[in-house]
Amino acid sequence: MTFGEISNVISVITLTLLHPTQSVPIQSWTFESESAIKIGRSTDNHVVMYSAVVSRHHVELINQPEGWEIVNYGTNGTYVEGKPITQVGVEDGMVFRLGESGPKIRIRIGVGDPNASRTQSRSPRSQQSKNKERVTFITKPKKNNQLDFPSE
């Protein structure tokens with residue numbers, strides 16, 4: 001199998017925002033033929049998350065020949081299984097969190113979600129206002145350090 005064939009096999013990636021306490025899907029995005037997917041508060045990201053714990057350019061998923069990788073750029077960190085990461089390989093079904101108390105995102109590789117927002121291969125800056133998906137995710141620390149999440 002050539003690199004092009006491998007790339008075509010694993011080029012579909014679906015990201016699903018999970019409810020903070022129940023881990024049920026809130027919103028999904030499916031990307032086809034992207035070499036990198038950027039997530040953060042800034043509107044020039046592929047997925048925009050508004051949360052106090054999310055950095056402007058928090059995390060990037062990069063499609064390498066060996067598979068997808070997550071790279072953290074966020075001030076508050078990115079966590080997999082409760083542990084901070086700087087860069088880690090992606091496994092199908094894994095969940096990562098932006099900050100210790102921020103949004104949780106599940107990754108599916110090679111699986112499209114029929115209900116997900118679909119994107120075309122593009123530069124995030126070239127279509128900032130077209131089909132931009134934004135999610136507001138509010139976390140407000142309570143006095144006992146518990147988080148107050150918006151109810152569904």
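Key figures for this structure:
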{"quantity": "Amide H partners (placed H, <5 Å) of Tyr50, local residues excluded", "calculated": "Val135, Thr136, Phe137"}
{"quantity": "For the stretch 61-68, Karplus couplings with θ = phi - 60° (6.51, -1.76, 1.60), whole Hz, Gly/Pro x", "calculated": "9, 10, 8, 9, x, 7, x, 6"}
{"quantity": "Gained length - Lys83 relative to Glu32, 0.36 nm times residue gap less alpha-carbon distance", "calculated": "15.5 nm"}
{"quantity": "Whole-Hz ³J(HN,Hα) from phi, Karplus 6.51 cos²θ - 1.76 cosθ + 1.60, for the stretch 30-46, glycine and proline x", "calculated": "10, 10, 10, 6, 8, 8, 8, 10, 9, 10, x, 7, 5, 6, 8, 8, 5"}
{"quantity": "Under the Karplus curve 6.51 cos²θ - 1.76 cosθ + 1.60, θ = phi - 60°, whole-Hz ³J(HN,Hα) for the stretch 79-92, x wherever Gly or Pro sits", "calculated": "10, 10, 6, x, 10, x, 10, 10, 7, 8, x, 8, 10, 4"}
{"quantity": "Rh (Kirkwood; distinct C-alpha pairs) - the stretch 49-111, Å", "calculated": "11.8"}
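Laboratory data are not the source of any read-out in this text; all were calculated from the coordinates shown. No experiment lies behind these values; they were computed from the predicted model shown.
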